[in-house]
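J.: I'd like to ask some things about the structure below.
The values are calculated or read from the model by the stated rules, or taken from the named source; none is laboratory data. Predicted, not measured: the structure shown is a model, and the values here were computed from it. Heads up, the Cβs are rebuilt from the backbone with ideal geometry, glycines too, and the neighbour counts pull from every protein chain shown. All accessible areas refer to the heavy atoms of the entire protein, side chains included, with ligands and DNA or RNA removed. Shrake-Rupley method; radii C 1.70, N 1.55, O 1.52, S 1.80 Å.
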Amino acid sequence: MLEKIRVIANSCKDNIARTSSLEELNEFRVRTLGRKGEITRLLRGLKELNAEERLAVGKAANELKENLEKMIALRNEEISIQQMEIQLLNEKIDVTLPGLPGQRGGKHPLTLISEEIRDIFCGMGFSIAEGPEIESDYYNFEALNMWRDHPARDMQDTFYINDDIVLRTHTSPVQVRTMEKMAPQTPVKIIVPGKVYRKDDDATHSPMFTQVEGLVIDKAITFGNLKGTLIMFAQKIFGEDVRVRYRPSFFPFTEPSAEMDISCVMCKGAGCRVCSHTGWLEILGAGMVNPRVLKYGGYDPEAVSGFAFGMGVERIAMLKYGINDLRLFFDNDKRFLQQF
Ligand code: PHE
């Protein structure tokens with residue numbers, strides 16, 4: 001029996017060395033150590049031997065089994081390494097080929113313009129304030145001198161959460177909110193970028209749009225400060241040669257109020273379809289802060305004065321980029337968005 005084991009051991013060693021693939025090696029393992037394998041059968045036959053023989057043969061057979069397992073594992077590793085080396089030799093990788101470009105996102109044109117507006121005003125010493133888009137009737141209308149039945153509310157019809165809570169129709173409520181926080185300190189010099197909502201929907205009006213508000217309060221602020229600041233802004237965003245004009249207007253929260261036009265960016269003032277042949281484009285509303293609003297905010301109108309302005313970011317983006325339909329901003333069409 002012991003002799004037989006020695007013979008098997010020797011032939012197994014050769015057989016393992018001769019295997020050249022993982023499949024072959026596995027076949028060999030099944031043939032010897034598998035459930036019906038040679039060694040397994042040998043071990044099962046032990047019970048037919050007498051006690052003395054069983055001890056000696058059993059020991060030898062178990063050693064053989066363990067050795068085989070080790071040799072198979074070793075050969076397995078050898079073959080795997082060989083195969084990998086062959087694969088590496090045959091595989092040609094050209095590291096100079098250009099890679100697959102990743103899909104890179106970009107900023108939305110409205111974000112780009114908002115950032116540009118913000119940078120211009122921050123350059124003039126303004127800081128940024130924010131307020132809630134779901135706003136109380138008080139801040140959106142009342143404290144801006146637009147009481148319940150005020151006709152000016154008509155132009156700013158909006159979405160009501162309930163009788164006292166609305167989606168804000170402009171960024172002007174942040175004027176009062178900021179004054180409440182700051183009063184009686186001066187100067188106040190803020191811009192307020194943000195989304196606003198109105199019950200409008202056509203090629204030039206959308207139920208949601210973007211505004212940038214401005215507010216300056218200090219001792220002895222005049223309409224001259226307002227003009228100087230906004231002319232500077234217009235030249236920075238539309239170019240040095242842009243001309244501006246002011247027309248009298250009305251807002252309940254400013255007195256006097258004005259609208260600022262710029263010379264048409266398309267025809268330079270000669271008259272074209274974009275400016276309805278007037279040569280001018282309206283870009284923002286502005287005025288001196290109404291003394292009643294200063295009072296609502298906690299300031300003494302005898303001690304300080306201020307100016308405020310509000311502009312639509314979509315409109316400025318449309319003029320700057322030559323976009324003719326406001327809805328393009330919100331359609332999420334990549335062909336449009338990729339141009340910026
Ligand atoms: N809030 C006004 C609007 O949305 C714009 C404005 C702001 C006018 C500040 C004057 C001063 O129409």
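J.: Restricting attention to region 42-79, which residues are more than 15 Å from Leu2 (Cα to Cα) and either outside any helix (DSSP H, G or I) or within 60 Å of the chain's Cα centre (by Cα) (or both)?
T.: Once the filter is applied, which keeps residues that are more than 15 Å from Leu2 (Cα to Cα) and either outside any helix (DSSP H, G or I) or within 60 Å of the chain's Cα centre (by Cα) (or both), region 42-79 yields Glu69, Lys70, Met71, Ile72, Ala73, Leu74, Arg75, Asn76, Glu77, Glu78, Ile79.
J.: While we're looking at this one, here's another question. Filter region 213-241 for residues that are among the hydrophobic types (A, V, I, L, M, F, W, C), under 19 Å from Pro291 (Cβ atoms) and more than 14 Å from the ligand (Cβ to nearest atom) and give the result.
T.: Across region 213-241, the qualifying residue is only Ala220.
J.: Among residues belonging to region 312-329 that are farther than 14 Å from Phe238 by Cα and either away from the ligand (no atom under 16 Å from the Cβ) or open to solvent by less than 10 Å² (accessible area, probe 1.4 Å) (or both), point out the one that is nearest to the chain's Cα centre (by Cα).
T.: Here the residue is Phe329.
J.: Among (1) free of Cβ contacts under 8 Å to residues at least 60 places away in the same chain; (2) more than 10 Å from the ligand (Cβ to nearest atom), which single condition is Met155 missing?
T.: Exception for Met155: condition (2).
J.: Still on this structure, I have one more. In the list Phe238, Phe253, which residue meets the criterion of being in the same structural domain as Met124 (by TED's automatic domain parsing), under 35 Å from the mean Cα position of the chain (by Cα) and open to solvent by less than 40 Å² (accessible area, probe 1.4 Å)?
T.: After ruling out the rest, the residue left standing is Phe238.
J.: On to the next question. Please work out if Ser263 is within 16 Å of the ligand (Cβ to nearest atom) and polar (S, T, N, Q).
T.: On the way: within 16 Å of the ligand (Cβ to nearest atom): no; polar (S, T, N, Q): yes.
No, not satisfied.
Each row is one residue, and each column tells you yes or no for (1) of a type in the set (S, T, N, Q); (2) loosely packed, with under 15 Cβ neighbours inside 10 Å; (3) under 30 Å from Gln235 (Cβ atoms).
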{"position": "Ser127", "(1), (2), (3)": "yes, yes, yes"}
{"position": "Asp137", "(1), (2), (3)": "no, no, no"}
{"position": "Asn140", "(1), (2), (3)": "yes, no, no"}
{"position": "Tyr160", "(1), (2), (3)": "no, yes, no"}
{"position": "Leu167", "(1), (2), (3)": "no, no, no"}
{"position": "Thr171", "(1), (2), (3)": "yes, no, yes"}
{"position": "Pro193", "(1), (2), (3)": "no, no, yes"}
{"position": "Val196", "(1), (2), (3)": "no, no, yes"}
{"position": "Asp201", "(1), (2), (3)": "no, yes, no"}
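J.: Is region 225-234 home to any residue that is in contact with a strand residue (DSSP E or B) (Cβ under 9 Å, 6 or more places away or on another chain) and without any contact (Cβ under 8 Å) to a residue 40 or more places away in the chain?
T.: The answer is yes; a qualifying residue exists.
J.: Looking at the structure I just gave you, is Leu328 in a helix (DSSP H, G or I) and closer than 25 Å to Asn145 by Cβ?
T.: No, not satisfied.
J.: Quick check on region 1-41: of everything there that is touching a residue at least 12 places away in the same chain (Cβ under 8 Å) and not in a helix (DSSP H, G or I), which residue is least open to solvent (accessible area, probe 1.4 Å)?
T.: Once the filter is applied, the top-ranked residue is Thr19.
J.: Which count do you get for residues in region 257-300 that are open to solvent by 40 Å² or more (accessible area, probe 1.4 Å) and out of contact with any strand residue (DSSP E or B) (no Cβ under 6 Å at 6 or more places or on another chain)?
T.: So the answer is 14.
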